[in-house]
Amino acid sequence: MGPGAFPRNPLPPETGPGIRSRKRGNDKTVLTVNRRTFLATGTAAAASRAVLAAPMSIPIIDCHIHIFDTTRKQGVPWPEKKDTVLYKPALMDRYRKIALPLGIVGAIEVEASPWFDDNQWVLDIAAKDKLLVGTIGDLEPEKPEFRKQLDTFVRNKLFRGIRYGNLWGRDFTANIGKPEFIAGLKALADADLVMDSANPTPRLINDLLRVTDKVPSLRIVLDHLPRIEKPSKPAELKAYMSDLAELGKRRQVFAKVSGVARTVNGKVPDDYTFYKATIDEMWDIFGEDRLIYGSDWPNSDLWAEYPVELKIVRGYFEAKGRTAAEKYFWKNSLAAYKWIRREDNQPK
Ligand SMILES: [Zn+2]
């Protein structure tokens, strides 16, 4: 499928602060990223890089990066050309320069395109780069061609699952009611693959709960929960917290402590204590065995540079002790994704 076959106004892979979603239009806490904010995080990044210079003795698997090439002839469905922060090639050479000095030894690529051919485009890159220990592709479980596509990709061990949720203009809530969608997710689970969710909202949390009811054998990874906008009405907030607590009881559901950094008055606090309450909530709900590290690079550049984001979560999990930090930075992701060890420095 080429660009022409794609709906004109897809939702981006992630709704960043500079990309106001329809629902968030009047939310004053959602700050627009401008060039000054972005440059200010550069200073913080240098400071964070210095703090991180003594690499943690724990190897890190980064479970959420995106790769795309804005210079390729067919273009990219995301990011948009007008995006001055993200619209440039995000390929492994650029990622390696940032990540390797910080102790990252492996990464999982998460789809950034609904074009079918891009599943293979990413796998071809992964074949040549052993820093990639897996990819999460983009297939639509409700489509008649899904089974055949799955049968093809499952042969490549680097293909670890698919992402689905609030993106690419799809209606996750409606699809859960379709038997063919649920059958597709069962096939995904039977292939021992994972479903990553996208762009958390209270409704998505409720949807995921329904999916775990219908397909209990499917491992699910919840992305970027710290970015959720909690309901302001007490009854809705209560329902959301109850759904999240129930999801937390389900052992096959993992959650990425990703997308944590926030801009406050033009600056990004890089001390984890600023974010402690947010991460504590996830810790209390999912526990130390089901929290996973993911940077969301390069989309994370909309909030802060990579070292700043890493410093925040590293500070939090180092304070929890070595065992918890090891689980967060690689052991839990091995359980969730069953990623493929390809280099001697990747843990086992
Ligand atoms: Zn992402």
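Long-range amide H contacts for Asp196: which residues qualify at under 5 Å (H placed 1.01 Å from N, peptide plane, sequence gap of 5 or more or a different chain)?
When sequence neighbours closer than 5 places are left aside, the close amide H contacts are Ile162, Arg163, Tyr164, Val221.
Per 5 Å bin, what is the whole-percent P(r) computed from every C-alpha pair distance within the stretch 122-234?
Answer for the stretch 122-234: a P(r) of 2, 11, 22, 23, 18, 12, 7, 3, 1, 0, 0 percent.
Taking the simple approach of a point 7 Å from Cα along Cα-to-Cβ for both Arg251 and Asp93, what is their distance in nm?
Those two pseudo-labels are separated by 4.7 nm.
For the pairs Lys143/Lys238; Lys256/Lys311; Lys157/Lys331; Lys88/Lys178; Lys88/Lys348, flag any whose C-alpha to C-alpha distance is greater than 27 Å.
Details: Lys143/Lys238 35 Å; Lys256/Lys311 16 Å; Lys157/Lys331 19 Å; Lys88/Lys178 38 Å; Lys88/Lys348 34 Å.
As for pairs spanning more than 27 Å Cα to Cα, those are Lys143/Lys238; Lys88/Lys178; Lys88/Lys348.
On the principal axes of its Cα set, how long, how wide and how thick is the stretch 190-348? Give whole Å, largest value first.
Principal extents (Cα only, largest first): 46, 39, 28 Å.
Spelling out what I want: for every residue of the stretch 167-174, take phi, set θ = phi - 60°, compute 6.51 cos²θ - 1.76 cosθ + 1.60 (Karplus), and round to whole Hz; glycine and proline get x.
My calculation for the stretch 167-174 gives 7, 6, x, 8, 10, 4, 4, 5 Hz in order.
If all Cα-Cα distances of the chain are sorted into 20 Å bins from 0 onward, what percent lands in each bin, rounded to whole numbers?
P(r) over the chain, rounded to whole percents: 32, 63, 6.
Any idea what the dipole of the chain comes to, in debye rounded to 20, about its Cα centre with Lys/Arg Cβ at +1 and Asp/Glu Cβ at -1?
Numbers: 55 positive and 45 negative charges, 61 e Å.
Roughly 300 debye, rounded to the nearest 20.
Tally the DSSP beta bridges in the chain and give the antiparallel ones as a percent, rounded to 5.
Values: 2 of 28 bridges.
Here the antiparallel bridges make up roughly 5 percent for the chain.
Which whole-Hz couplings ³J(HN,Hα) result when phi for each residue of the stretch 291-303 is put into the Karplus expression 6.51 cos²θ - 1.76 cosθ + 1.60, θ = phi - 60°, listed in order with x for Gly and Pro?
With coefficients 6.51, -1.76 and 1.60, one gets 9, 10, 8, x, 8, 6, 5, x, 4, 4, 4, 5, 9 Hz.
Which shape class, rounded, prolate or oblate, goes with the stretch 165-281 when its Cα gyration tensor gives a ≥ b ≥ c as root eigenvalues, a/c under 1.5 marks rounded, and past that a/b bigger than b/c marks prolate? Let's see the in-between values first.
Values: a/c = 2.01, a/b = 1.80, b/c = 1.12.
Since a/c reaches 1.5 and a/b is larger than b/c, the shape of the stretch 165-281 is classed as prolate.
Got a sec? Charge dipole of the chain, +1 on Cβ for Lys and Arg, -1 for Asp and Glu; which of Leu188, Ala324, Leu302 is way out at the positive end?
The one lying farthest along the dipole's positive direction is Leu302.
Using Cα springs under 10 Å in a Gaussian network model of the chain, which residue among Thr201, Thr278, Thr71 shows the largest mean-square fluctuation?
Looking only at Thr201, Thr278, Thr71, the biggest GNM fluctuation is shown by Thr71.
Using mean Cβ contacts within 10 Å as the protection proxy, how do 90-97, 302-309, 335-342 order, highest first?
Values: 90-97: 15.4, 302-309: 25.4, 335-342: 18.9.
So the order, starting with the most tightly packed, is 302-309, 335-342, 90-97.
Here, each number is a calculation from the coordinates, and none is a lab measurement. These figures come from a predicted structure and were not determined experimentally. Virtual Cβ from ideal backbone geometry, glycine too; neighbours counted across all protein chains shown.
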